[in-house]
Amino acid sequence: MLKNYLIASLRSLRKQFSYSLINVGGIGLGLAICLLLSVWITRELSYDKFHKDATRIYRGSLEYSFGGQTSKTSVSPTALLPVLKKNFAEIENGVRIYNPSAWNPFIVKTNDKLFQEKKFYYADSTFFQVFSFKILQGNPDKVLTEPNSVVLTQSSAKKYFGTEDVIGKLLTINNKTEYKVTGLMENIPSNSMIQFDFLGSFSSLDASRQQIWWTANYQTYLLLSPKADVNSLRDKINAIVKKEVASEVTGKGDYVVYNFTPLTDIYLKSEVDEPELVGSIQYVYIFSAIAMLVLAIACINYINLATARAGNRAKEVGIRKVSGAIRNQLFSQFISESLVVTFLGFCFAFLLAQLTLPLFNSLTGKDFIYSDLFNFDFLISALIVWLLIGFLSGIYPALILSSFQPASVLKGNFSSSGRGVWLRQSLVIFQFSVSIILMVGAAVILKQIDYIQNKKLGYDKENIIVLPLDKKTKDVYEQLETEFERTGKVARMGRSTEAPTKINGGYGIRLDESPSDVGMAVTAMAIDKDFIPTLNVKIIAGRNMSEGDFQKLKSDTIFSFILNQSAIKELGLTLDNAIGAKVRLDDRRKGEIVAVIEDFHFSSLREKIRPLVLFTATDSWDLSYVFVRLKPGDLNSSLHELKSICANLLPHRPFEYEFLDQRYQKLYDKEQRMGNVTTVFAALAIIIACLGLLGLVAYAAAQKTKEIGIRKVLGATSPSIVGLITKSYMKLVLIAILIGLPSAYWVMDRLWLGGFAYHATIGLAPLILASVACLFIAFTTASFQALKAAWIDPAKTLRSE
């Protein structure tokens, strides 16, 4: 019986080859999109789940509030882990992780190889007891026990030594300290939040010998016992924390607490700045919705064409029933046809997904490989989806076709019945509504990205390169500055502890005459006197820092402060009384305000501009970056000259730089990639919808062949024939636009743009552009088939009359 169903299905597909091609092509294209997005979604949801005890690992992170300003961070102090392990039996183990190379890249050297590294982490000796990273050489319990020990990944071992036989070999770090390689581990999986190339022992750091509550630069992970109640444990922990920091947290409403986030939630659901790039659960939802909607559009094509052609198959049904076929057998026959079509679509989808995987990697910035499409779990899921899609796509046409009564089947025609027409019209409207939502969504995302790229940030990021600083650079900095400026290629140079694209330093500030318990949380960083003019930050009151400010700091330990408008406002000051006001930063830095600067964006546009304080550096070692503004001209030539100067003055480190504007763009890498993916898939969605429209118009034109011939004999023109055939379909597209536009506006305004504190307005342009594009593409598709029918010689169509 199954063999007969299969043979009959293949005969039916071959008989209606053009419609079968449209069905297979549409479903295949829709499934290819689903396959690619499913691979992406699977990867996003898999982050950090490969650890054996992933469900029991939590990260403790600091949240504090001072003077009404609340900050949530991903970090914690050195004291947190030892205090918690001592007091709570529910904590089986824990580990502290620190990446100082993220702020100032480490110089790593061995023999003649010298590199600048940003992924040199430190971790407690318990690291491999908490996490399931695989050690290939060395004892996982001992590799991080001794000071100045380091574990290498396979890639870093080959990079420095050309081999994986590295145990006992030495690396020189920052031109002063030798680290002994005690272990070799597998490369970090791409779906790990923790990404490093070198892992040094935490005991190498001075911080390991101190238990401090107020220097929070470390990631603390806790391994809880299986029966631990996280909420109850958090309350008990914060009760101890409250006692430990009571002397420092005295203001009304001020507090310090620690939140505990499951390891597997950090990548997609983090609400704080992370040291590594993270994803977004919102984007997982969006791409899941796109995958399902595109697949629905593809399935609708099959349903529409099957129901439209139901009348043509009425005689076949009648003859089969008269010959003894029962309804269940006919139902099975038509379901079999649907399964065959979707199976061929799946084969085409897998082929298309393989061919386009490199392009998909380029769009998403991922590194998917072909085996991601063919692993066992993924294939089993695909098999289930095939059966589900085949059944759901075919069930309605199968029910309709198998329900025809032999006695009346030649009198009625489902395609002309109100029910059949209403169904097809509704499905066409749904298809194009979804298409218009995706097109508007893509247009709005691209508009926001353009807004981000052209937004005035309050500083000038163009033609600036960022170079890291270290102690050796400090010794020759004045000479370096002189040599750079002597080239005629450098306009100005300035230094700071952080880059203005993302300033993280958390501090507390108060007016000097205010009680110690009256203050507020601010973001702050140290700068030199050239930072403000190099970045072209606008001073709206007071003056820039001068050499005298730094001399005052050295002689009298009196700091000079520059505050932004938001900080002045929160302190209750005005431009008139701010200059000269005495303030204390973290109570340890006493000084006065010398200037007020215009608010500038020093974090993502998703966040509102917070109070910011810039202060004089205690020593050049506090300054981690130098910003070099290049004059307009040949950048390659300028960089070549600067490289030659650095080779002479700074032979201890490679000349590696980063453009400030590129650093800014990295903040929005997710949005840029989402815009690219959505644009491509929106275009494919409307192509799939138009494939279905093409089939429906072709069928309608075939049904009206004789009518068209008669009209042409009576003088009808080709444009009038085209209008006759396409008019009803264009009405459906217009209805779809009227439904899709408000839906798209609400989704993008509330659910996406609402995530940005600063964003573009949607306006009319994206709505009009998407509507015109949709109408044009749909009309062009429909007209193509309509013109073919209009150009047929009426003598051929009416020959039998």
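The values are calculated or read from the model by the stated rules, or taken from the named source; none is laboratory data. All figures in this text were calculated on a predicted structure; none of them were measured in a lab. Reconstructed Cβ throughout: ideal geometry from the backbone, glycine too, with neighbour counts over all protein chains shown. The area values use the complete protein model at the heavy-atom level, side chains included, leaving out ligands, DNA and RNA. Shrake-Rupley method; radii C 1.70, N 1.55, O 1.52, S 1.80 Å.
Only one of 668, 664, 657, 729 is among the hydroxyl-bearing types (Ser, Thr, Tyr), within 40 Å of the chain's Cα centre (by Cα) and at pLDDT below 90. Can you tell me which? Steps first, please.
Details: 668 fails: at pLDDT below 90; 664 fails: at pLDDT below 90; 657 fails: at pLDDT below 90.
Within the list 668, 664, 657, 729, the selection yields 729.
The C-beta contact set for region 208-225 (first residue at pLDDT 90 or above, second residue among the small types (Gly, Ala, Ser) and open to solvent by 60 Å² or more (accessible area, probe 1.4 Å), distance under 9 angstrom, 6+ apart or interchain) comprises 225/89. I need every pair where a residue in region 654-671 that is over 15 Å from residue 460 (Cα atoms) has its Cβ under 8 Å from the Cβ of a residue that is open to solvent by 30 Å² or more (accessible area, probe 1.4 Å) and not in a strand (DSSP E or B), sequence separation at least 6 or different chains. Partner pairs satisfying both residue conditions: 655/643; 655/647; 667/502; 669/277; 669/365; 670/277.
Determine, yes or no, whether residue 796 is modelled with pLDDT of 70 or more and more than 32 Å from the chain's Cα centre (by Cα).
On the way: modelled with pLDDT of 70 or more: no; more than 32 Å from the chain's Cα centre (by Cα): yes.
Spelling it out, it is not the case that residue 796 is modelled with pLDDT of 70 or more and more than 32 Å from the chain's Cα centre (by Cα).
If I filter region 421-445 down to residues being surrounded by fewer than 18 Cβ atoms within 10 Å (Cβ to Cβ) and not aromatic (Phe, Trp, Tyr), which single residue comes out as modelled with the highest pLDDT? So the residue we want is 426. Counting only residues that are polar (S, T, N, Q) and over 41 Å from the mean Cα position of the chain (by Cα), which one in region 510-524 is least open to solvent (accessible area, probe 1.4 Å)? Restricting to residues being polar (S, T, N, Q) and over 41 Å from the mean Cα position of the chain (by Cα), the top hit is 514. Scanning region 170-184 for residues that are surrounded by 15 or more Cβ atoms within 10 Å (Cβ to Cβ) and β-branched (Val, Ile, Thr) yields 172, 173, 181, 182. Filter region 541-582 for residues that are open to solvent by less than 50 Å² (accessible area, probe 1.4 Å), free of Cβ contacts under 8 Å to residues at least 40 places away in the same chain and part of a helix (DSSP H, G or I); which is nearest to residue 529 (Cα to Cα)? Once the filter is applied, the top-ranked residue is 548. Considering only residues in region 739-750 that are surrounded by 13 or more Cβ atoms within 10 Å (Cβ to Cβ) and either without any contact (Cβ under 8 Å) to a residue 60 or more places away in the chain or within 24 Å of the chain's Cα centre (by Cα) (or both), the one that is nearest to residue 436 (Cα to Cα) turns out to be 744.
Just a yes or no: is a residue in region 544-552 in contact with a strand residue (DSSP E or B) (Cβ under 8 Å, 6 or more places away or on another chain) and under 23 Å from residue 71 (Cα atoms)?
First, the residues of region 544-552 that are in contact with a strand residue (DSSP E or B) (Cβ under 8 Å, 6 or more places away or on another chain): 544-545, 549-550, 552.
From what's left, under 23 Å from residue 71 (Cα atoms): none.
No, that holds for no residue.
Residue-wise test of (1) in contact with a Lys or Arg (Cβ under 8 Å, 6 or more places away or on another chain); (2) buried (at least 19 other Cβ atoms within 10 Å of the Cβ); (3) free of Cβ contacts under 8 Å to residues at least 12 places away in the same chain.
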residue: 589; (1), (2), (3): no, yes, no
residue: 625; (1), (2), (3): yes, yes, no
residue: 638; (1), (2), (3): yes, yes, no
residue: 642; (1), (2), (3): yes, yes, no
residue: 652; (1), (2), (3): yes, no, no
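I need every pair where a residue in region 235-252 that is modelled with pLDDT under 80 has its Cβ under 8 Å from the Cβ of a residue that is open to solvent by 70 Å² or more (accessible area, probe 1.4 Å) and aromatic (Phe, Trp, Tyr), sequence separation at least 6 or different chains. Every condition considered, the pairs that remain are 248/214; 249/255.
The lone criterion from (1) open to solvent by 10 Å² or more (accessible area, probe 1.4 Å); (2) part of a loop (DSSP other than H, G, I, E, B); (3) over 23 Å from residue 78 (Cα atoms) left unmet by residue 192 is number (1). Each residue in region 137-164 was checked for being outside any helix (DSSP H, G or I) and over 20 Å from residue 125 (Cα atoms), and 3 pass. The criterion of being exposed (fewer than 15 other Cβ atoms within 10 Å of the Cβ), in a helix (DSSP H, G or I) and either out of contact with any helix residue (DSSP H, G or I) (no Cβ under 6 Å at 6 or more places or on another chain) or among the hydrophobic types (A, V, I, L, M, F, W, C) (or both) does not hold for residue 252.
Please go through region 456-466 and pick out each residue that is surrounded by 15 or more Cβ atoms within 10 Å (Cβ to Cβ) and not polar (S, T, N, Q).
First, the residues of region 456-466 that are surrounded by 15 or more Cβ atoms within 10 Å (Cβ to Cβ): 457-461, 463-466.
Listed by number, the residues that qualify are 457, 458, 459, 460, 461, 464, 465, 466.
From the list 215, 220, 163, pick out the single residue that is surrounded by fewer than 20 Cβ atoms within 10 Å (Cβ to Cβ) and under 20 Å from residue 102 (Cα atoms). One residue alone meets the criteria, 215.
Are any residues in region 471-498 under 13 Å from residue 646 (Cα atoms) and not in a helix (DSSP H, G or I), and if so, which ones? Result: 476, 487.
Conditions (1) open to solvent by 10 Å² or more (accessible area, probe 1.4 Å); (2) within 38 Å of the chain's Cα centre (by Cα); (3) not aliphatic (A, V, I, L, M), marked per residue:
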site: 475; (1), (2), (3): yes, no, yes
site: 498; (1), (2), (3): yes, yes, yes
site: 505; (1), (2), (3): yes, yes, yes
site: 526; (1), (2), (3): no, yes, no
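A single entry from 78, 110, 126 fulfils the requirement of being surrounded by 15 or more Cβ atoms within 10 Å (Cβ to Cβ), farther than 27 Å from residue 269 by Cβ, among the hydroxyl-bearing types (Ser, Thr, Tyr) and touching a residue at least 12 places away in the same chain (Cβ under 8 Å): 110.
Quickly run through region 156-202 and pick out the residues that are over 28 Å from residue 473 (Cβ atoms) and touching a residue at least 40 places away in the same chain (Cβ under 8 Å). Walk me through how you get there before you give the answer.
Step one: of region 156-202, the residues over 28 Å from residue 473 (Cβ atoms) are 157-158, 162-168, 182-194.
If the condition is that a residue be over 28 Å from residue 473 (Cβ atoms) and touching a residue at least 40 places away in the same chain (Cβ under 8 Å), then 182, 183, 184, 185, 186, 188, 189, 190, 191, 192, 193, 194 are the ones that fit.
Do we find a residue being over 27 Å from residue 56 (Cα atoms), among the aromatic types (Phe, Trp, Tyr), surrounded by 15 or more Cβ atoms within 10 Å (Cβ to Cβ) and modelled with pLDDT of 95 or more anywhere in region 132-149? Checked region 132-149: no residue is over 27 Å from residue 56 (Cα atoms), among the aromatic types (Phe, Trp, Tyr), surrounded by 15 or more Cβ atoms within 10 Å (Cβ to Cβ) and modelled with pLDDT of 95 or more.
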